[in-house]
Amino acid sequence: MKKLSARRRHPLAAVVVLLLALAATGGLYAAFAPAGKAQADETAQSLAIDEGKKLYAVGCASCHGTGGQGTSDGPSLVGVGAAAVDFQVATGRMPAATSQGAQVPRKKNIYTQAQIDQLAAYIASLGAGPSVPTEEQYGPEGADIAKGGELFRNNCAQCHNFTGKGGALTKGKYAPTLEGVNPKHIYEAMQTGPQNMPSFPDTTLSEQNKKDIIAYLNAVNSDETETPGGMELGGIGPVAEGLFGWIFGLGTLIAIAVWVAARTAKAKKS
Amino acid sequence: MSTNDSTQSRARGKAPAGERVADWADGRLGIYSLAKANMRKIFPDHWSFMLGEVCLYSFLIIILTGVYLTLFFHPSMNEVEYHGSYIPMQGQLMSEAYKSTLDISFDVRGGLLIRQIHHWAAIVFLAGMFVHMMRVFFTGAFRKPREINWLFGFLLFVLGMFTGFTGYSLPDDLLSGTGVRFTQGAILSVPIVGTYISMFLFGGEFPGDDFVARFYSIHILLLPGIMLGLVVAHLILVFYHKHTQFAGPGKSNKNVVGMPLLPVYMAKAGGFFFLVFGVIAVLAGIATVNPIWALGPYRPDMVSTGAQPDWYMGFAEGLVRAMPGWEINLWGHTLVLGVFVPLVLFGVFLAAIAVYPFIESWITGDKREHHILDRPRNAPTRTALGVAWITAYMIMLIGGGNDIVATHFHLSINAVTWFVRIGFFVGPVIAFVVTKRICLGLQRRDKDKVLHGRETGTIKRLPHGEYIEVHEPLSQASLHSLTAHEQYAPAEIGPTVDENGVERKVKGSQKLRAKLSKAYFGEDAQIPKPTVEEYKEITSGHGHH
Amino acid sequence: MSSQDIPEENLPAAQDTGHGALGVADEKHPFADPGLPPHEPRIQDIDERAAKRSERTVALLFTVSMLATIGFIASFVAIPHDKSIYVFTLGHINAMNFALGLTLGVALFCIGAGAVHWGRTLMSDHELVQERHPIEAPADVRAQVFEDFRQGAKESQLGRRKLIRNTMFGAMAMVPLSGVVLLRDLGPLPEDKLRHTLWRKGKLIVNMNTNEPLRPSDVAVGSLTFAKPEGLEEHDHGFQNEIAKAALMLVRIQPEDIKDKRELEWSHEGIVAYSKICTHVGCPISLYEQQTHHVLCPCHQSTFDLSDGARVIFGPAGHPLPQLRIGVNDEGYLEALGDFEEPVGPAFWERG
């Protein structure tokens, strides 16, 4: 029960009790179904899968089906791999709100990394898919920033803008800004192609390519990125520049013109 | 001979050095007669009369900074590898044009500032011209004798747009290259000659090796040369016509009231140049414009979202974005209406405002000179037409940035596009009707003010208990200013039969003009000015109101 | 444009009826012009201390300008040109650009502000009146000009000697033709250049990112890959021109989801290859939505359905993206089975 109270802030807290009962049933099933595989794995791994399965039953199963087979409300998760889970849950996209607009937005993540890893372990156990990248894969060592820039402009900028500020897609969908996104999640997004984003598997965008892209993004779109010319104005190009020029350029000049042309105050008539 | 004598005697005497130099110049250039006419030339004071100066000064700033930039810019499309100081481009293949622009931004001290002053000044220049043109439009300053100067100004605006376009295309970066690609695609859509023009402009297939060098000579020589000539002509005409002024006490169509060029306008206008330059320099010091290093070198197979032109090309971009994809294929030829129609509309839409003065003078049939400005409310139809034009322009400007609008207001890009498509037709109509009503309302208010005086806000109790608000009668000066405007009577076709009962031939153009004239000056289009009788009746009659 | 059929009385009365500055009321101008109001002095005109204050303000502004110019030169010399500083709200910006911009701005602005303040507070603010004169020349001048012109024209004998006139006009009309002819070598004729790309039968499809030829197994469902024809390298002269036409976009769609019959025929196991160049005005279209199979152009929002023969479903493009017919060679690599069947990129008159 301690665990339950710790999760009071969960938006679905009201149904947690009910779902826990369901999870207990599912857990029983889980103990037998993947038995052959679990025996081969290390105990820790199978424990993680068990825990993940419980979490899955609570937070995910209503849309993705009790065995991850998918329902009309959510796609099948068989074979999406641990990387997809880590991306979707850690960026707060999953679990999604029951009613959503054109696409599921990024929001505050409600799981701990340990829980996410358990969920990921469970989903990975359903079918082979990309695994969560290691720091060595997405870290800055050995990356070619300039090459990353070229790759970014070829593969990513068309949706995410020159420096990853985001942009519009059809019918209200959008490519989100990449500002402040964990390099690991960028790597996972390229691997797995979340929502409408196409995937860029290692066969077409090599591991080194992905590393370069992340290094480039870190160089041009991080808190430390220098914008030599001054205010960045959102980094979205001429629309913002035009507005700024009209309001602060011409606006200031007109205000000054009013002063230049105004009559000087007259002395009071005595 | 006598002039000669006097010059010599002046020279022999101990005239101050300044005077001697002036004498020397006058003997060769005749500067005295020029100075006599202009040194104490009168200019009226109004903030909106300084909009043209904003344009003139930003144009000068652009020329000054542009000359500096030519010292460092290499207008070449030769492929080079970058090894300058900007890390995220190390080893990248790029054109020399792009590389030299990176060098100006990162390795030439102060180069970035000058580049940004140049670009910000261009944005302000075009914005200033737009607002200046609207000021001239809404006050009727384009009327005789200033129609030609209106056209000069219009040409400056259009040439400014293309100078800007060729300018921001020079760095050969990914954003501007996309714009050049668009231009090439638009050229291809021109029936019959499109492919030929494209091949000739780009020296072959797109992008080729030539366009930067060709745009360069267009940008720094051809267009600014023409513009400089037009600016000089524009200014000469302003001096020659003398400035317009708003109606007011002592101001008539036959005089000009204000301060002399020397010294007041020397100080104010000269000072304003420095103010404009100062503001733009600060702008360039604190705000990035066109960060080409973030955009990358141009590659025809790469693109970024949010691909927009600078603001002054935005409405053309909007036309292209809003147009449905019509294409007619007949007899082995393709008519690309989806691109060609916006291209034509772009010209027609701009030309509409350019020819307006001639249309209006045809409708009024007025051949007299006009030096007193209209208040926009006193020309409701013209004002409403102008606002309708601006509305269409602005809606297309929104259309040009529909993706940015969509992401920033969380809308569907398709919905924004549909809004623009419908708004382009509906918006101006609504704007026309609303503006005209507002103008007439303001005219009514002016009339009330003339007849009943100004509301003072003081409430007075009359002996028999009634409360009234005290209205203070206007001064003679205000009465005059509020009633100084002209009111045309609508043109009539006259009887359709002559005195002998024979049917008179009425040309279609006459009928059209009578109709338009009625729309401009008919009963629904202006509030008659108060007459002296009305005024007397009210003021002398019952004492209060 | 003639206006003679507009009766005079339709025109409003002239704004100045010639009664001098002090106009007289009439029917059309009910309230007579009272004339320029009397000049009122400013504080500076009557109080020398106020005038002194103005003088000091102007002098101070000019002095600040001088200091700012010194600051500009000092910044130029002293600040390393690649030094970055953090300025609140502006972000991490280049220190030199910031310092130069502000000092130059202040130096210029203060000159302007000083001059204007001087003009506004110390120079005379008496309003002056200047008369306008009609621009049109008086009738006698007009007559004289026409007379002179007629005289000159007559003396030239241009009207009388038709042979001179006609040959002169002919010569003048023809001489600019040389200039037109000179423009011929600006570029080649279009011929069929816009119809062909580098793609040929048997050309391998090379991944843009890795520069390796692609195998079918490399292209996963839901992925997006950009490719170029084998043998085209970034360092090649003419790379830009060729890639502008040959750029290719590969996606894999479940074959049962492909609605267009020809598209399915031209695909390989659901891998379809489309031109990356938008058929509207040539932007590299590539905003692929893997769930809807829609691809959006970032320039003008033309939207194509890649699962339905790249049919246009929104926006200003006039026809589908051209598809490249692909297959697999003996070694198991993806290859083109020919060039595009239609011209890629924007439509043009001869496209047909």
Enumerate the pairs (first residue in region B:184-211 and more than 7 Å from chain C (Cβ to nearest Cβ) and on the phi > 0 side of the Ramachandran plot; second residue anywhere and modelled with pLDDT of 95 or more and in a helix (DSSP H, G or I)) with beta-carbon separation below 7 Å, excluding pairs fewer than 6 apart on the same chain, so at least 6 apart or on different chains.
none
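Only one of C:Gly318, C:Gly327, C:Gly345, C:Gly309 is in the same structural domain as C:Asp218 (by TED's automatic domain parsing) and outside any loop (DSSP other than H, G, I, E, B). Can you tell me which? Break it down into steps so the answer makes sense when it comes.
Details: C:Gly318 fails: outside any loop (DSSP other than H, G, I, E, B); C:Gly345 fails: outside any loop (DSSP other than H, G, I, E, B); C:Gly309 fails: outside any loop (DSSP other than H, G, I, E, B).
Within the list C:Gly318, C:Gly327, C:Gly345, C:Gly309, the selection yields C:Gly327.
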Give region A:162-188 a look and list any residue that's within 12 Å of another protein chain (Cβ to nearest Cβ) and in contact with a Phe, Trp or Tyr (Cβ under 8 Å, 6 or more places away or on another chain), or say none.
A:Gly164, A:Gly166, A:Gly167, A:Ala168, A:Thr170
Criterion first (over 30 Å from C:Ala51 (Cα atoms), among the polar types (S, T, N, Q) and more than 33 Å from the chain's Cα centre (by Cα)) does C:Ser75 satisfy it?
yes
Unmet requirement for B:Met302, which otherwise passes all of (1) in a helix (DSSP H, G or I); (2) aliphatic (A, V, I, L, M); (3) touching a residue at least 24 places away in the same chain (Cβ under 8 Å); (4) surrounded by 24 or more Cβ atoms within 10 Å (Cβ to Cβ)
(1)
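Yes/no matrix, rows are residues, columns are (1) buried (at least 21 other Cβ atoms within 10 Å of the Cβ); (2) acidic (Asp, Glu); (3) within 30 Å of B:Met302 (Cβ to Cβ); (4) at pLDDT 95 or above:
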residue	(1), (2), (3), (4)
B:Tyr57	yes, no, no, yes
B:Leu60	no, no, no, yes
B:Tyr68	no, no, no, yes
B:Leu71	no, no, no, yes
B:Asn78	no, no, yes, no
B:Ser85	no, no, yes, no
B:Leu102	yes, no, yes, yes
By my count, helices (runs of 4 or more DSSP H) wholly in region A:199-264 with at least 2 residues that are under 20 Å from the mean Cα position of the chain (by Cα) are A:207-220
Do we have B:Phe152 as more than 10 Å from the chain's Cα centre (by Cα), of a type in the set (A, V, I, L, M, F, W, C) and away from chain C (no Cβ under 14 Å) here?
yes
Are there any pairs with C-beta distances below 8 angstrom linking a residue in region B:101-114 that is within 18 Å of B:Leu170 (Cα to Cα) and within 7 Å of chain C (Cβ to nearest Cβ) to a residue that is among the hydroxyl-bearing types (Ser, Thr, Tyr) and outside any loop (DSSP other than H, G, I, E, B), with the two at least 6 apart or on different chains, and if so which?
B:Leu112/B:Ser105
Would you be able to tell me the number of residues in region B:403-416 that are touching a Gly at 6+ places or on another chain (Cβ under 7 Å) and either assigned to a helix (DSSP H, G or I) or at positive phi (or both)?
3
Can you tell me which residue among C:Ala32, C:Ala50, C:Ala21 is more than 48 Å from the chain's Cα centre (by Cα), under 30 Å from A:Ala265 (Cα atoms), at pLDDT 90 or above and facing another protein chain (nearest Cβ under 9 Å)?
C:Ala50
Per-region count, region C:78-105, residues of a type in the set (A, V, I, L, M, F, W, C), assigned to a helix (DSSP H, G or I) and either at the interface with chain B (Cβ under 7 Å from one of its Cβ atoms) or surrounded by 24 or more Cβ atoms within 10 Å (Cβ to Cβ) (or both):
5
I need the full set of residues from region B:253-269 which are within 7 Å of another protein chain (Cβ to nearest Cβ) and over 26 Å from the mean Cα position of the chain (by Cα), in order please.
B:Lys254, B:Asn255, B:Pro260, B:Pro263, B:Val264
Being farther than 28 Å from A:Ala262 by Cα, within 8 Å of chain C (Cβ to nearest Cβ) and surrounded by fewer than 23 Cβ atoms within 10 Å (Cβ to Cβ): is that true of B:Ile226 here?
no
Identify, by number, the condition in (1) touching a Pro at 6+ places or on another chain (Cβ under 8 Å); (2) within 27 Å of B:Thr435 (Cα to Cα) that B:Phe315 doesn't meet.
(1)
Provide a single number: the residues in region C:170-211 that are hydroxyl-bearing (Ser, Thr, Tyr), within 24 Å of B:Ile192 (Cα to Cα) and surrounded by 11 or more Cβ atoms within 10 Å (Cβ to Cβ).
1
Anything in region B:475-498 that is facing chain C (nearest Cβ under 7 Å) and either surrounded by fewer than 21 Cβ atoms within 10 Å (Cβ to Cβ) or farther than 18 Å from C:His29 by Cα (or both)? List them, or say none.
B:Gln476, B:Ala477, B:Gln487, B:Tyr488, B:Ala489, B:Ala491
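Which one of B:Glu455, B:Glu537, B:Glu492 is at pLDDT below 90 and part of a loop (DSSP other than H, G, I, E, B)?
Values: B:Glu455 fails: part of a loop (DSSP other than H, G, I, E, B); B:Glu537 fails: part of a loop (DSSP other than H, G, I, E, B).
Checking each option against the conditions leaves just B:Glu492.
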Given (1) closer than 30 Å to B:Trp293 by Cα; (2) in a helix (DSSP H, G or I); (3) within 13 Å of chain A (Cβ to nearest Cβ), index of the condition C:Ser75 fails:
(3)
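The values are calculated or read from the model by the stated rules, or taken from the named source; none is laboratory data. Here the structure is a predicted model, which is why all the values come from computation and not from measurement. Cβ atoms come from the backbone with ideal geometry, glycine included; neighbour counts cover every protein chain shown.
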